1. With respect to residue 33, determine if the residue is part of a loop (DSSP other than H, G, I, E, B), open to solvent by less than 10 Å² (accessible area, probe 1.4 Å) and either acidic (Asp, Glu) or free of Cβ contacts under 8 Å to residues at least 24 places away in the same chain (or both).
2. Would you check if residue 233 is of a type in the set (A, V, I, L, M, F, W, C), open to solvent by less than 70 Å² (accessible area, probe 1.4 Å), farther than 30 Å from residue 180 by Cα and without any contact (Cβ under 8 Å) to a residue 24 or more places away in the chain?
3. Residue 264: touching a helix residue (DSSP H, G or I) at 6+ places or on another chain (Cβ under 9 Å), part of a helix (DSSP H, G or I) and without any contact (Cβ under 8 Å) to a residue 40 or more places away in the chain, yes or no?
4. Of the residues that make up segment 51-63, is at least one buried (at least 24 other Cβ atoms within 10 Å of the Cβ), of a type outside the set (Gly, Ala, Ser) and under 30 Å from residue 182 (Cβ atoms)?
5. Only one residue in 194, 229 is part of a strand (DSSP E or B) and farther than 26 Å from residue 76 by Cβ, so which one is that?
6. Step by step: first the residues of segment 36-50, then only those that are touching a Leu at 6+ places or on another chain (Cβ under 8 Å) and open to solvent by 20 Å² or more (accessible area, probe 1.4 Å), then the one that is nearest to residue 221 (Cα to Cα). Which residue is that?
7. Check every one of the helices (runs of 4 or more DSSP H) wholly within segment 275-385 and list those with 3 or more residues that are modelled with pLDDT of 95 or more and among the charged types (D, E, K, R).
8. Residues 100, 107, 2: which one is away from the ligand (no atom under 16 Å from the Cβ) and open to solvent by less than 10 Å² (accessible area, probe 1.4 Å)?
Amino acid sequence: MLTSPELSQRHLEWTGRAARVFRAPGRVNLVGEHTDYAGGFCMPAALHFSTLAAASAREDPRLVVHSVDLDETVAYDLAPMPERGSGKWADYVAGVARQLMAKGIRLTGADVTLTGDVPRNAGLSSSASLEVAAAFALLGTSGGEMDGREIALLCQRAENNFVGAPCGIMDQFVSVYGKAGDALVFDCRSLDYEYVTLPVHLRLVIANSMVKHSVAGGEYRERRGQVEEGTRLLAEIYPGVRLLRDVSLEQLEAARTVLPEVIYRRCRHVISDSGRVLAGRDMLRSGNVAGFGRMLVEAHASYRDDFAASCAECDTLVELAVGLPGCYGSRLTGGGFGGCTVSVVEADKAESFRDALREKYLAATGISADRWVCEIGDGAREIVV
Ligand code: GLA
């Protein structure tokens, strides 16, 4: 990854024009998985891993996107713009351009140069960080202004409609609204949020199982379909239910016999995990770190057993993590079926934990995991180079 001055220089050499540079982060989710599209709660935090986008306007109606890291350039005509992407990585940028134009933003044309260090296919939202960086950059080149919520929503639409991945709103939202040191307690129905500070004596350690995760893959879509099916069946019993968020665990239990077992379990995960977000917020605020950690392990069990969204490697990482000194709790984070675990660890043990986890995972699986002691970073913004 280039630094922002290096990226700015590269853009100048490539296009002959000075750029404005924007940064948007990836995220880790502490708890509340597959709750966003059910209108529930989640608790994501922005990471230092991010995408940097340098952009300048063009005179012709073309969007030309260059990735320094991939050493590839992809160009799109903006007039007319295709309705769907063509399966290229730059579709995330083009989809955002299309959504900005649909919102009435006048995009003349733009050159966008990208670099980033969010691990790809690892469940840390490299896609959302690319979309949000692109939105800030294209708004910057066009002189457009937009509220952060609108930006997050249009990035989600870009991913849903142009890229074709059925994601919810969590990743884009935290990429916009993240705050250093804090996680977001995010109500995905009202889009209200509050911050909760991670106690300073804790660190987040992220370990990549190296099993590739993708929201565009069939399993994410299938789970979402099951949650929507459950919501439809429950709405027949409980009039007024529009999202699974509207159903309590007691109501779900009362309806158990009329739901297919698989659908019941998927719904039980979503409703209970959404509840864990609010319980977790209160535990963090009252300093009950041990309770928070235990709850993360419960959340992992729910994700693994009720939602069937884990994999053997991620289960191994979690089991190994909770047996190591200094670890309060650990779980698979993100869309599931691979990707990373997040562990909450005592700060002075974080580095030895990270190294021991790598050793033990290597011994158990033969896989060498990427792993990091992470700081919680800020949301998207312009970088003055
Ligand atoms: C992916 C999606 C999000 C969310 C999570 C699961 O990251 O992009 O919208 O559904 O999975 O919590």
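1. yes
2. Spelling it out, it is not the case that residue 233 is of a type in the set (A, V, I, L, M, F, W, C), open to solvent by less than 70 Å² (accessible area, probe 1.4 Å), farther than 30 Å from residue 180 by Cα and without any contact (Cβ under 8 Å) to a residue 24 or more places away in the chain.
3. In short, yes.
4. yes
5. 194
6. 41
7. Those helices (runs of 4 or more DSSP H) span 312-322, 350-365.
8. Criteria check complete, one pass: 100.
The values are calculated or read from the model by the stated rules, or taken from the named source; none is laboratory data. Please read all numbers here as calculations on a predicted model, not as lab measurements. As a convention, Cβ positions derive from the backbone with ideal geometry for all residues, glycine included, and neighbour counts pool all protein chains shown. Please note that ligands, DNA and RNA were not included when accessible areas were found on the heavy atoms of the full protein model with its side chains. Shrake-Rupley method; radii C 1.70, N 1.55, O 1.52, S 1.80 Å.
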